[in-house]
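Asker: Here it is, the structure, as structure tokens.
The values are calculated or read from the model by the stated rules, or taken from the named source; none is laboratory data. Bear in mind the structure is a predicted one, so any value in this text is a computation, not a measurement. Quick reminder, even Gly has a Cβ in these numbers, built from the backbone with ideal geometry, and neighbours come from all protein chains shown. Just the protein is used for accessible areas: all its heavy atoms, side chains included, with ligands, DNA and RNA removed. Shrake-Rupley method; radii C 1.70, N 1.55, O 1.52, S 1.80 Å.
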Protein chains: 2
Amino acid sequence: MPLFSDPSVGIADPLLRRAYIVAERGRGTVSPNPLVGCVVARDGRVVAEGHHARAGGPHAEVVALDAAGPGARGADVYVTLEPCDHHGRTPPCTERLLAEGVASVTIGMRDPDTSVSGGGAERLAAGGVRVRFADDPGPFRAQNEAWLTRLVHRRPFVRVKAALTLDARPALSAGTRSAITSSGGRDVTMRLRAESTAIMVGAGTVDVDDPILTARGPLEEHAARTPRRYVLARTSLPAPGARVFQTPPECAAVIASGAADPDALETLRNAGVRVIGYPADGGILAALEALAADGVDDVLVEPGPRLMTALVESEVIDELVTITAGGLGGDEAPAWYTGPITGAAERLVPLFVPIESGIVGTDVVTVWRTVVGSPSGIGKGSALRCSLV
Amino acid sequence: MPLFSDPSVGIADPLLRRAYIVAERGRGTVSPNPLVGCVVARDGRVVAEGHHARAGGPHAEVVALDAAGPGARGADVYVTLEPCDHHGRTPPCTERLLAEGVASVTIGMRDPDTSVSGGGAERLAAGGVRVRFADDPGPFRAQNEAWLTRLVHRRPFVRVKAALTLDARPALSAGTRSAITSSGGRDVTMRLRAESTAIMVGAGTVDVDDPILTARGPLEEHAARTPRRYVLARTSLPAPGARVFQTPPECAAVIASGAADPDALETLRNAGVRVIGYPADGGILAALEALAADGVDDVLVEPGPRLMTALVESEVIDELVTITAGGLGGDEAPAWYTGPITGAAERLVPLFVPIESGIVGTDVVTVWRTVVGSPSGIGKGSALRCSLV
């Protein structure tokens, strides 16, 4: 997810670009469904628009057509994702578009879900609607990268956030809650949380920091979104009284390894904490698959050193956001990553390449992407993921 | 020194801006003199231009007036620094400007050197020349920040460069020469070297890396500039056969603490290595004062962990350039900084604030400036320096 640039500037058609922007309103709430935006236009001017807000709610096309009313007849429709042609929780959008008598439908990207792929566009064309696809589906695939990741890999898109000192220390003292970044850096954290479907931390972080993990911050809209919060318990379990389970408790859960102590799990459950299990021998990938099965397309992980090292070694990081402050922690402060060198002693091999870097407040914020086909073996599952973007 | 932006865009007058750009040609060679550029114009069009290339060489005004010839009579002159009005190694520029009969002189900034300050402009005005100053001297002060630093602090402007892994390791294994950054990051290093008057490393780096420390790289002009190279010997001395002393030897020297072994110093001298001493109890600041006395206004330090820690603790870093690659070194790799936390365990105190950050190749390059009046005490001598910029 670019933090400093707007991917929609690459969309040549202004009404299709508008549909992209409208679709963004669903970010953070729409999972496990894709983001979709729809614009109904006449003579190049917007008549109505709509977005898909949450699974089970009306599709973007339906919202826009409802808003357009009789104005939909003979109109031009712009939609970011190919309209569905199957009966799911809602009737097919193709039927509705045909019933309204729209003149044309311009589509950002094909639906790769095999249950509808191709069918929607062909059905519309067979019904006499002019159907056109965007020349470049890239921005639309990037917009739904998380959804596509789960479709292909059966696990969520994994974004890791790290607030670091200039010498890359994630904390200033083991076992102490440390404030590293400026208010600018904290605003970035809040934005990342607000735009994520779920946030995950390790049980160790809950022990030390006892974070609430809500999206607070300067933007009103952030406050209205409470991402689902997950505590990954690979070895030890978090305390049932931790703050993450309090506000609001229905959105928090523990992802517990099958090796966890059954009595301790029972204590958590008795305290009203939802527990999701995963097979211990499946490692972090199995935990992420459990997250996907719980309806999560994208997760923001805010790991401590142990979880960070495990995420690198499990090769499951899709994107890394570093927020670096200008102070120094020194070598008594905990290391961020405790695994082996990536590469050899003579030559470093990059696992990540930067795609954006900028200054926010007094911190440097950089978005890094996993290198595809890195000699370290990192990113072996990323080729398709990245080719989608 | 900004790497991504052009400070001259802030100069409203296009001919004065041109003088600024012309002055830049002297960067890296002009020390211990200031950068100066001069444009001779008529009816708003450039007739001739010149810059000050090196101490002892002609001043920018003389170069430009020589090139203008008879075209200087009645012309408008633009010069980045107030023309000198004293007999130094060359006659006063004011006399020459008056003799040529120029109509006006527009000046970027006053000369703060008390031996000429104010005098040049007043002398010209008394001679019937229209004299005008730039509304904002900021860009011109920034251009000569190094020269101003030495004028005020009697030490060079200290820029530190660090090539780091994503987890801020400056090397991958103690005692091994490591390639960390991409070719993009190495190009930045070469540019920093080419634009510096001097480069300094610790004796430990010479032992491990045996660097040549010349400015190689894609830009032809870089190859033409060989900055002076200094090896700081605080505890141990470098080997006389080190490559830094070979090519070309007349530009390299050892800055040796007074506590160094006299026999080992004699061995160095016998091998043709120039040795500059500094009082051991004066620490790094004394070594930098010795550098200034050797005619160095600005120095690029490429420190190993020990020197980096000493530089932070000595509070002498003016600018820090980090070049960060996307690989991880792990906690077995050397730490970059081994001093205490800046701040407390609960809250980091920044020593540096970022002024620019961008992507070069697959590395992130960030320019940091020392925080003025940081609670750590860092930058206590920086208030004037920064107010000059």
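Asker: Using helices alone, I'd like the mean residue ellipticity at 222 nm for chain B: each DSSP H run of four-plus residues gives -39500 (n - 2.57), total over residue count, nearest 500.
Answerer: Working: 13 runs with 109 residues, N = 389.
Per the formula, -7500 deg cm²/dmol.
Asker: A:E95 to A:A12: FRET efficiency via 1/(1 + (r/R0)^6), r the Cβ-Cβ distance, R0 41 Å, to the nearest 0.05? Mind dumping the intermediate values first?
Answerer: Working: r = 30 Å, r/R0 = 0.72.
Step by step, r from the Cβ atoms, then E = 0.85.
Asker: Averaged per residue, what accessible area in Å² does chain A show with a 1.4 Å probe, protein chains only?
Answerer: 38 Å²
Asker: Within a 10 angstrom radius of each residue's Cβ in A:357-367, how many Cβ atoms of other chains show up on average? Whole number is fine.
Answerer: On the way: counts 11, 4, 7, 2, 2, 6, 4, 9, 2, 7, 1.
Average per residue, whole number: 5.
Asker: Measuring from a point 7 Å out along Cα→Cβ, what nm distances, shortest first, does A:R177 have to its partners in the other copies?
Answerer: In nanometres, ordered from closest: 4.9.
Asker: Would you kindly work out, in nm and rounded to one decimal, the distances from the label point of B:R89 to those of the same position in each other copy, ordered shortest first, with label points 7 Å along Cα-to-Cβ?
Answerer: B:R89 label point versus its equivalents elsewhere: 7.9 nm.
Asker: While we're on this one: Of B:D85, B:D261, B:D297, which is the most mobile in a GNM of chain B whose springs link Cα atoms less than 10 angstrom apart?
Answerer: B:D261
Asker: Could you grab the relative contact order for segment A:280-341? Cα pairs under 8 Å, six or more apart, rounded to a whole percent. Kindly include the intermediate steps, with their values, before the conclusion.
Answerer: Working: 23 pairs, mean separation 27.5, N = 62.
Computed value for segment A:280-341: 44 percent relative contact order.
Asker: I need the shape label for segment B:2-88. Rule: rounded when a/c is under 1.5, else prolate if a/b > b/c, else oblate, with a, b, c from the alpha carbon gyration tensor. Show your work: numbers first, answer last.
Answerer: On the way: a/c = 2.04, a/b = 1.09, b/c = 1.87.
Because a/c hits 1.5 or more and a/b fails to exceed b/c, segment B:2-88 counts as oblate.
Asker: Have a look at the DSSP beta bridges in chain B and tell me what percent are antiparallel, nearest 5. Don't skip to the end; give the middle numbers.
Answerer: Values: 25 of 62 bridges.
The antiparallel fraction comes to roughly 40 percent.
Asker: When DSSP beta bridges are limited to those with both residues in the protein assembly as shown, what percentage is antiparallel, rounded to the nearest 5?
Answerer: Numbers: 50 of 126 bridges.
DSSP beta bridges in the protein assembly as shown are roughly 40 percent antiparallel.
Asker: Moving on to the next point. Measuring from label point to label point, each 7 Å out along Cα→Cβ, what is the B:A259 to B:A55 span in nm?
Answerer: 3.0 nm
Asker: Identify, for chain B, the residue whose C-beta comes nearest the rotation axis onto chain A, and round that distance to whole Å.
Answerer: B:A168, 2
Asker: Still on this model: At A:E266, with labels set 7 Å past Cα in the Cβ direction, how many nm apart are the copies from this one, shortest first?
Answerer: Label point to label point, same position, other copies: 8.4 nm.
Asker: OK, next. For chain B, what does the relative contact order come out to in percent, with C-alpha contacts under 8 Å and a separation of six or more?
Answerer: Working: 855 pairs, mean separation 61.9, N = 389.
Dividing the mean separation by the residue count of chain B yields 16 percent.
Asker: Using alpha carbons only, how many angstrom separate the centre of segment A:150-200 from the centre of segment B:132-195?
Answerer: A separation of 30 Å, based on Cα centres.
Asker: With a Förster radius of 45 Å, plug the Cβ-Cβ distance of B:I355 and A:V152 into 1/(1 + (r/R0)^6) and report the FRET value to the nearest 0.05.
Answerer: Values: r = 41 Å, r/R0 = 0.91.
Efficiency at R0 = 45 Å is approximately 0.65.
Asker: Okay, next question. Rounded, prolate or oblate: which one fits segment B:7-143, using the alpha carbon gyration tensor with axes a ≥ b ≥ c (rounded when a/c is under 1.5, else prolate when a/b beats b/c, else oblate)?
Answerer: Numbers: a/c = 1.23, a/b = 1.08, b/c = 1.14.
In terms of gyration-tensor shape, rounded.
Asker: What's the extension gain from B:I21 to B:D207 if we count 0.36 nm per residue and subtract their Cα-Cα distance?
Answerer: Values: separation 186, 0.36 × 186 = 66.96 nm, distance 3.95 nm.
Value of the extension gain: 63.0 nm.
Asker: Then there is this: Normalised by the number of residues in segment B:7-143, what is the relative contact order in percent for Cα pairs under 8 Å and 6+ residues apart?
Answerer: Values: 295 pairs, mean separation 28.1, N = 137.
Worked out over segment B:7-143, it gives 21 percent.
Asker: Return the loop-located GluC sites (Glu not before Pro) in segment A:288-342 (DSSP other than H, G, I, E, B) with at most 16 other Cβ atoms within 10 Å of their own Cβ; answer none if there are none. Display every interim value, and only then the final one.
Answerer: Values: sites: A:E289, A:E313, A:E315, A:E319, A:E332; in loops: A:E315, A:E332.
Passing sites in segment A:288-342 are A:E332.
Asker: Give me the net charge for the shell around B:A134: Cβ to Cβ below 12 angstrom, other residues only, Lys and Arg +1, Asp and Glu -1. Mind dumping the intermediate values first?
Answerer: Working: positive: B:R17, B:R110, B:R132, B:R141; negative: B:D13, B:E82, B:D135, B:D136.
Net charge in that neighbourhood comes out at 0.
Asker: Follow-up. Place the peptides A:90-98, B:201-209 in order of packing, highest mean first, counting for every residue the other Cβ atoms within 10 Å and averaging per peptide.
Answerer: Details: A:90-98: 19.6, B:201-209: 21.3.
Per-residue Cβ counts within 10 Å, averaged per peptide and sorted highest first, yield B:201-209, A:90-98.
Asker: Let me ask something else about it. Just reorder B:R228, B:R45 by solvent-accessible area, largest first, 1.4 Å probe, all chains present. Mind dumping the intermediate values first?
Answerer: Numbers: B:R228 60, B:R45 180 Å².
Ranking B:R228, B:R45 by accessible area, largest first, yields B:R45, B:R228.
Asker: When all protein chains stay in place, what accessible area (Å², nearest 10, 1.4 Å probe) is found for B:D43?
Answerer: We get 140 Å² for B:D43.
Asker: Rounded to the nearest Å, what's the spacing between the alpha carbon centres of segment A:318-332 and segment B:337-362? Just the number, please.
Answerer: The distance from the Cα centre of segment A:318-332 to that of segment B:337-362 comes to 8 Å.
Asker: Something else: Please figure out what share of the DSSP beta bridges in segment A:7-143 is antiparallel and state it in percent, rounded to the nearest 5. Don't skip to the answer; put the middle values down first.
Answerer: Working: 10 of 19 bridges.
Bridges in segment A:7-143 that DSSP calls antiparallel: roughly 55 percent.
Asker: Once you order the gyration tensor axes a ≥ b ≥ c over the Cα atoms, which shape class does the protein assembly as shown get: rounded for a/c under 1.5, otherwise prolate or oblate by comparing a/b with b/c? Numbers along the way, then the final one.
Answerer: On the way: a/c = 2.67, a/b = 1.56, b/c = 1.71.
Note, shape of the protein assembly as shown comes out oblate.
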